[in-house]
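Asks: Supplied in structure tokens, the structure appears directly below.
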Amino acid sequence: MSVRVRTVCGVQDQLGFDSMPKKLIKVTPSRLGVWADCRLRFRMTYLDRPTPPRGGPWAHSTMGAVVHNALKGLFDLPADQRTPDRAAALVGTHWKDDGFADREQAMVFRERAAGWVHDYVRGTDVTEEPVGLERWVSAPVGTIIAEGRVDRIDQRGDELVIVDYKTGRHALTTDDARGSQALALYVLAARRTLRKPCTKVELHHLPTGTVAAWEHTEESLARHLSRAEESADEFQLAIDTLAAGGDPEVLFPASPGRQCGWCDFRRSCPTGQATGPALDPWAMLSP
Ligand code: SF4
């Protein structure tokens, strides 16, 4: 009788003394999202080695990353220095022009991002120390290991609150917060990682200065977990079947659609190319 732990493709096999092998599948929100969008993209992202060449940077992603870095930098400062002007200046510190049409366009959006961050800090109590910033959380729950990087974890009273910054075009609603599988998995992972109660999630939308919040129940978390487990079982079965000699085209079919316009692997995917023209790298910026 022995215990063996093996890690293959993000899976831990734990063989108990008298139990059947029990697979805990590593699940991140991005892995689930890619699986739901397109299985071929999943294969190219997580399985094909060497990884097929990716497309270049996207301007909206650059902007999102800069805003996240500026806010992280702000909380690294002593509380009395976390002013709106300092926050806006941090956008300049972290700025990159990657993905923008030209310098002129980049400067317009740099100013816009600085305005978002300035107004966010002016309207938010930023004097409390977060429990986590860009914090990696990971914990076994059910049949998966839920993990990912959380933008910010606050402690309010005895409870942790999961905070996710958003910089997309559209304001977010309570339904978005309630329906976010990513946030629910972060709750499950954070409460185990940090050993504190956690039920509340918040989407902080910088462009509109709005917060969409939701307080999970054990039932709503269980529903999210069950869906994540289902997807994890599906992709793990496909991975295992591929490793056993299965046909990659059958196991990981292309799902052509609108997303092919901005897919990072479009250049390696004739099916995606046939769906229509590629978007310009700055096409997903707000007008
Ligand atoms: S281009 Fe479209 S079909 Fe091809 S991998 Fe990307 S999302 Fe899938």
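The values are calculated or read from the model by the stated rules, or taken from the named source; none is laboratory data. What you see is a predicted model; the values in this text were computed from it and never measured. When we count neighbours, we look across all protein chains shown, and the Cβ atoms used for this are built from the backbone with ideal geometry, even at glycine. Ligands, DNA and RNA are excluded from the accessible area calculation, which covers all protein heavy atoms including side chains. Shrake-Rupley method; radii C 1.70, N 1.55, O 1.52, S 1.80 Å.
Asks: Of all residues being part of a helix (DSSP H, G or I) and open to solvent by less than 20 Å² (accessible area, probe 1.4 Å) in region 23-39, which is farthest from the ligand (Cβ to nearest atom)? Just the residue, please.
Replies: Taking the candidates together, the pick is LEU32.
Asks: Could you check region 166-200 and list, in sequence order, the residues that are in a helix (DSSP H, G or I), within 13 Å of ILE153 (Cα to Cα) and open to solvent by 60 Å² or more (accessible area, probe 1.4 Å)?
Replies: Across region 166-200, there are no qualifying residues.
Asks: Taking the stated definitions as given, is ALA87 in a helix (DSSP H, G or I) and not assigned by TED's automatic domain parsing to the domain that holds GLU147?
Replies: yes
Asks: Quick check: anything in region 122-136 in a helix (DSSP H, G or I), on the phi < 0 side of the Ramachandran plot and modelled with pLDDT of 95 or more?
Replies: yes
Asks: Which members of region 207-264 meet the condition of being in contact with a Leu (Cβ under 9 Å, 6 or more places away or on another chain) and either of a type in the set (Asp, Glu) or within 30 Å of ALA113 (Cα to Cα) (or both)?
Replies: THR208, THR210, VAL211, ALA212, ALA213, TRP214, GLU249, GLY261, TRP262 - these are the residues of region 207-264 that are in contact with a Leu (Cβ under 9 Å, 6 or more places away or on another chain) and either of a type in the set (Asp, Glu) or within 30 Å of ALA113 (Cα to Cα) (or both).
Asks: What tally of residues in region 114-155 results from selecting those that are out of contact with any Ser or Thr (no Cβ under 8 Å at 6 or more places or on another chain) and closer than 20 Å to GLY168 by Cβ?
Replies: 13
Asks: Can you go through ALA189, ALA222, ALA232 and tell me which one is in contact (Cβ under 8 Å) with a residue 40 or more places away in the chain and over 26 Å from GLY64 (Cβ atoms)?
Replies: Among ALA189, ALA222, ALA232, only ALA232 is in contact (Cβ under 8 Å) with a residue 40 or more places away in the chain and over 26 Å from GLY64 (Cβ atoms).
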